[in-house]
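The values are calculated or read from the model by the stated rules, or taken from the named source; none is laboratory data. Treat the numbers as computed from the prediction; the structure is a model and nothing was measured. Cβ placement follows ideal geometry from the backbone for every residue including glycine, while neighbour counts extend to all protein chains displayed. Just so you know, the surface numbers come from the protein's heavy atoms only, side chains and all, with ligands and any DNA or RNA stripped out. Shrake-Rupley method; radii C 1.70, N 1.55, O 1.52, S 1.80 Å.
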Amino acid sequence: MAENLSITQLRTFLWVATLASFNKTAEKMNTTQPAISSRIAKLEEVLGARLFDRDTGNIQITPAGEALRPYAENIIATAEQLPVIVQGDVSSSGRIQMGITEYAVATWFPEFWESLSTVFPNVQIQLHVDASRNLQIGLEKKSLDVAFLMGPVQDHRINNLDFATYKQSWVAAPSTGLRNDLPYNLVDLKKYPLITGAKLSQQYLEVSGHLKKNRLDQLTLFPCNSFVATMELAKQGVGIGILPEHYTDQEVAKGSLIRLTCDWTPAPLIFTGSYTDGPNSELTKKLINFAKSLI
């Protein structure tokens, strides 16, 4: 029944999830409360899941609704970009200083770059590839207009748009003798160093903080400033790497890496499209939304 799902239903779902009210959603969407209720009921029927609890008099999103939310946001963002994708945006012009991480280079950025001249023919991009911390400094100093980085940036002068969230996992080479069908405690891995992001990176700080909090002094950390290098070191059996699952899918499929089931794994990496206010801010928002439609 997925063919009966509509953009209007998803947009209604997101407003109800945000406002926690059918009445307020009806006002926001310039319709009636029964129409909002009908849309949500139809969406729940199509998906076969209850998205909101209404029994207590308050509207509360269910776990199924929370699971749907990021996908609904992506679908709406993509739908809004379709006219731009198909027709191009000839009205936008300017020179943008854009920062990206190496993870963007290895994932969504090639398609973005290939499409750029067609979708935004009058926009020039000056590209800067660097670590998230350095990109944040570039935003703060206004040497960058926009950056795709691990965020959000905690600075009131900088705007953050949700971009992507990537689940992480521990990976190891088959040569280590570790197996993907057994559960491990981190202490079971003490024979090998844990390879994380660079010092002061979100990833490194979270892992080192967990080890300190739980007094796991017997574990060694290898900070590494490159996902590429982390993956290569893990493939060579030098250590156990922590990497976004999406990034290691191909190596896992080939058998050169295995994913480990551990008692603790760092939280998903949150990437934002962060930008500064200024003459180019409307254009940067368009670029962020277009890039989001590609992931």
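Structure values in brief
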quantity: Listed residue (N122, F271, T107) projecting farthest to the positive dipole end of the chain, Cβ model; calculated: F271
quantity: Residue range of the chain that is longest and free of trypsin sites (Lys or Arg not before Pro) which are both DSSP loop and sparsely packed (at most 16 other C-beta within 10 Å); calculated: 55-140
quantity: N225/M29 FRET efficiency (R0 41 Å; Cβ-Cβ; nearest 0.05); calculated: 0.30
quantity: Within straight-line cross-link reach of K191, aspartates and glutamates at Cα separation under 16 Å, skipping those fewer than 8 residues along the same chain; calculated: D217
quantity: Considering only region 151-295, percent of DSSP beta bridges that pair antiparallel, nearest 5; calculated: 70 percent
quantity: Candidate lysines for bridging to K167, where Cα separation is under 24 Å - those fewer than 8 sequence places away on the same chain excluded; calculated: K190, K199, K212, K213, K235, K254, K292
quantity: Two-site label geometry, D53 and T8: point separation in nm, points 7 Å out along Cα→Cβ; calculated: 3.1 nm
quantity: Per residue solvent-accessible surface (Å²) - region 114-170, probe of 1.4 Å; calculated: 53 Å²
quantity: Chymotrypsin sites (Phe, Trp or Tyr not before Pro) restricted to DSSP loop in region 214-295 with at most 13 other C-beta within 10 Å; calculated: W264
quantity: Tilt relative to the chain, helix 63-87 - C-alpha long axis, 0 to 90 degrees, to 10; calculated: 70 degrees
quantity: Label-point separation, A198 to T261 (7 Å along Cα→Cβ), nm; calculated: 3.6 nm
quantity: Helix axis angle, 33-47 relative to the chain longest principal axis, alpha carbon, degrees; calculated: 40 degrees
quantity: Three-way shape call for region 160-251 based on the alpha-carbon gyration tensor, with the a/c threshold at 1.5; calculated: oblate
quantity: Segment Q126-A67, extension gain: residue separation times 0.36 nm, minus the distance between their alpha carbons; calculated: 17.6 nm
quantity: Within the chain, percent of DSSP bridges classed antiparallel, to nearest 5; calculated: 55 percent
quantity: Mean separation of Cα contacts under 8 Å, 6 or more apart, over the residue count of region 1-65: relative contact order %; calculated: 32 percent
quantity: FRET efficiency, 1/(1 + (r/R0)^6) with R0 35 Å, evaluated for Q154 and N180 via beta carbons; calculated: 0.45
quantity: Whole-number percent relative contact order across the chain, with pairs defined as alpha carbons under 8 Å at least 6 apart; calculated: 21 percent
quantity: Partner aspartates and glutamates for K28 [C-alpha distance under 19 Å; skip if fewer than 8 residues away on the same chain]; calculated: E73, E80
quantity: MRE, 222 nm, helices only [DSSP H, n ≥ 4, -39500 (n - 2.57), over the chain, to nearest 500]; calculated: -13500 deg cm²/dmol
quantity: Dipole magnitude of the chain, debye to nearest 20 (Cβ charges: Lys/Arg +1, Asp/Glu -1, about Cα centre); calculated: 500 debye
quantity: Most mobile listed residue (H210, H156, H128) in the chain, GNM with C-alpha springs under 10 Å; calculated: H156
